[in-house]
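Q: Following this message is one structure expressed as structure tokens.
Quick note: the coordinates plus some simple rules give every number you see, no bench work behind them. Note that this is a predicted model, so its numbers are computed, not measured. Note: ideal-geometry Cβ built from the backbone for every residue, glycine included; neighbour counts use all protein chains shown.
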Amino acid sequence: MCLAVPALVTALLPDDRATVSLGGVSSTCSLELVEGVAVGDYVIVHVGYALSRLDAEEAERTLALLAELPADAA
Amino acid sequence: MGHAGAHGSPMQLSGGGAVSVRLAVAGGRIAAAEVAARRPRAVAALVGRPADEAARLAPLLFSLCGTAQGLAVARACEAALGLAPGMDAGAHEPARGLLTDAEALESHGWQAVVEWPALLGAPPRPAALRDLRAATAAVAPALYPAGDGLRIGGGALRPDPAALDGALARMSDWLETQVFGGPPPGDADALAAWAAGGRTDAARLAARLLAPDLAGWGACGVGALVERSAEWFAAALGGDADFAARPHHRDAPALTGPLERQAGHPLVVSATARHGDGLARLFAARLADMAEMPRRMAGTVTALGQADPTDRRAADGPAQAGTGCGVAETARGRLAHWLRLDGTGRLADARMVAPTDWNFAADGPLARGLAGAEVPDAAAAVARARLLVAMLDPCVACEIDVV
């Protein structure tokens, strides 16, 4: 049910946090649960925490998949 | 991992559906409770794809239960392709159970160190999850070293008992340190003593939920789903494209998740006898589910053997149209996928019903637990509803309003 939408890391912030972009909407999240995240990486964010890091190919595949969803789906 | 309260940022909402709870408070009670779940129809993205690709993509779509999603789709495809009889299910099924148990335990762990402290107004401790995540992440490679555990027809199963035992020991240690602060309570007396000790966030939340005005609060009287067979879910989902919008079992709503799984556990039986069917019982079931997980997994490890991927040459002949259903267990309860393959082996239709569909249905356990419940005032109604939502644990954000 909770869709795994890859968010692009756009900036690293102090205190193990980052700015991420999700469909053009900018937000911040905690990086406490993932290691070695760099700007340009994709992460799956849940309630303010990055849960996992995706490689670019995986992220693009997921984003393409989500883009195909009907408009009322998410 | 659902979050009750004001967590409706665009990021979280775009990451899936949301549950909205609207309460009307009058005469010292919740006079009306309206529960509405906005569900992402993510399975629509699988339609039109070949079975193998659908099974590979399903885990990527869901952030919290990707393994269970992938396995449910793989099982549905195996049923539709007629592979199931040829599979060495005796070998793959225990291994698959370990994969979903590990995922469920990680999810429970998140509750214990992130969500439960937040309910108490204490700082969440996500860093404490690292050790648990390392242990649960070690399970899949110790079973399917080639990384093909979610493959249709089963992967190359080569269990590494030493690595699995090590991972299970780390999980048990983690629970003892981070959740229970010692051995888990075994009955209502032990639960009360453990809560009074208040050594962990979980124990401090127990102390709050065992308060006389809360322990029996939120009784819903909704029966457990119980049903596990793919045949039952196939009939339900296959016969009604909108089944997940109003899931029902024998014409009634049903509850799935830890309480359903652990209703017979001594702690839950004892807590139910003392506190009735409310918050304390639901919390006791969550504790029991967590405590039992490494023990059950250890039992499963002894049943493991090697197995090879199913020879699909027969199935790789002319593709046949067919339907299939697959069921998998998640922390929140039972998940089922139903799909129809067309004559070319692509998905022509895909449907699913997830635990949040059951527990947060318009007339489901949350709605029935809230309706008529005693509350001193509107603020208490929101606070108590938030506790009940957390005990039922939606996989999407949840907003609670008093109208």
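Q: State, in angstrom, two size descriptors of the stretch A:6-67 derived from its alpha carbons: Rg to one decimal place and Dmax to the nearest whole number.
A: Considering the stretch A:6-67 through its Cα atoms, Rg and Dmax are 10.6, 33 Å.
Q: Could you please rank B:Val353, B:Val47, placing first whichever residue has the fewest other Cβ atoms within 10 Å of its Cβ?
A: Ordered from fewest to most neighbouring Cβ atoms within 10 Å, B:Val353, B:Val47 come out as B:Val47, B:Val353.
Q: With +1 assigned to the C-beta of every Lys and Arg and -1 to the C-beta of every Asp and Glu, and no other charges, what is the dipole magnitude of the stretch A:6-67 about the Cα centre in debye, to the nearest 20? Before the final figure, lay out each step's value.
A: Values: 3 positive and 9 negative charges, 42 e Å.
Dipole size: approximately 200 debye.
Q: Still on this model: To the nearest 10 degrees, how steeply does helix A:56-67 sit against the main Cα axis of chain A, on a 0 to 90 scale?
A: 40
Q: Hey, got the dipole for the protein assembly as shown? About the Cα centre, +1 on K and R Cβ, -1 on D and E Cβ, debye to the nearest 20?
A: 600
Q: Where in chain B are the DSSP H helices whose alpha-carbon span along the long axis reaches 18 Å or more and whose Kyte-Doolittle mean is at least -1.0?
A: Answer set is B:66-81, B:89-110, B:161-174, B:279-301, B:378-392.
Q: May I ask which residue of B:Ala230, B:Ala31, B:Thr67 lies farthest towards the positive end of the charge dipole of chain B, with charges of +1 (Lys, Arg) and -1 (Asp, Glu) on Cβ and the Cα centre as origin?
A: Farthest towards the positive end: B:Ala31.
Q: Continuing with this model, one more query. Provide Rg over Rh for chain B; use the alpha carbon set for both Rg and the Kirkwood Rh (inverse mean inverse pair distance).
A: Rounded to two decimals, Rg/Rh equals 0.97.
Q: Along the charge dipole of the stretch A:6-67, pointing to its positive end and built from +1/-1 on Cβ of Lys, Arg, Asp and Glu, which listed residue (A:Gly36, A:Leu51, A:Ala67) has its Cα farthest out?
A: It is A:Ala67.
Q: Under a 5 Å amide H to amide H cut-off, with H placed in plane at 1.01 Å, what residues pair with A:Thr28 once short-range neighbours are removed?
A: Those lying under 5 Å, H to H, from A:Thr28 are A:Val20.
Q: In the stretch B:236-302, which trypsin sites (Lys or Arg not before Pro) fall in coil by DSSP and have 16 or fewer other Cβ atoms within 10 Å?
A: B:Arg250
Q: Can you bin the stretch B:245-403 into rounded, prolate or oblate? Criterion: square roots of the alpha carbon gyration tensor eigenvalues sorted a ≥ b ≥ c, rounded for a/c under 1.5, prolate for a/b above b/c, oblate for the rest.
A: It comes out oblate by the Cα gyration axes.
Q: Report the label-to-label distance for A:Asp55 and B:Ala379 in nanometres (one decimal), using points 7 Å from each Cα along the Cα→Cβ vector.
A: 5.3
Q: Mind listing the long-range amide H neighbours of B:Ile400? Cut-off is under 5 Å, sequence gap 5 or more, other chains count too, H placed in the peptide plane at 1.01 Å from N.
A: So B:Ile400 has HN proximity to B:Gly5, B:Val21.
Q: If you don't mind, another one. Can you put A:Thr28, B:Thr200 in order, fewest other beta carbons within 10 Å first?
A: Lowest count first: A:Thr28, B:Thr200.
Q: Mind giving me the nanometre distance, one decimal, between the label points for B:Ala273 and A:Ser21, set 7 Å out from Cα along Cα→Cβ?
A: 6.2
Q: On to the next question. Can you compute the modelled spin-label distance between B:Ala224 and B:Asp131, with each label point 7 Å from Cα toward Cβ, in nm?
A: 3.1
Q: Roughly how many debye, to the nearest 20, is the charge dipole of the stretch B:224-331 about its Cα centre, given +1 on each Lys and Arg Cβ, -1 on each Asp and Glu Cβ, and no other charges?
A: In debye, rounded to 20, the stretch B:224-331 gives about 420.
Q: Given the options B:Leu99, B:Ala254, B:Ala195, identify the residue whose Cα lies farthest towards the positive end of the charge dipole of chain B (+1 on Cβ of Lys, Arg; -1 on Cβ of Asp, Glu).
A: B:Ala195
Q: Separate question: Which loop-located GluC sites (Glu not before Pro) does chain A contain, where loop means any DSSP state but H, G, I, E or B and the Cβ has at most 16 other Cβ atoms within 10 Å?
A: On the way: sites: A:Glu32, A:Glu35, A:Glu57, A:Glu58, A:Glu60, A:Glu68; in loops: A:Glu32, A:Glu35, A:Glu68.
Taking chain A and a limit of 16 other Cβ atoms within 10 Å, the loop GluC sites (Glu not before Pro) found are A:Glu35, A:Glu68.
Q: For every helix of n ≥ 4 consecutive DSSP H residues, a contribution of -39,500 (n - 2.57) applies; sum these over chain B, divide by its total residues, and give [θ] at 222 nm rounded to the nearest 500 deg cm²/dmol. Please list the in-between numbers first.
A: Numbers: 17 runs with 178 residues, N = 403.
Helix-only estimate at 222 nm: -13000 deg cm²/dmol.
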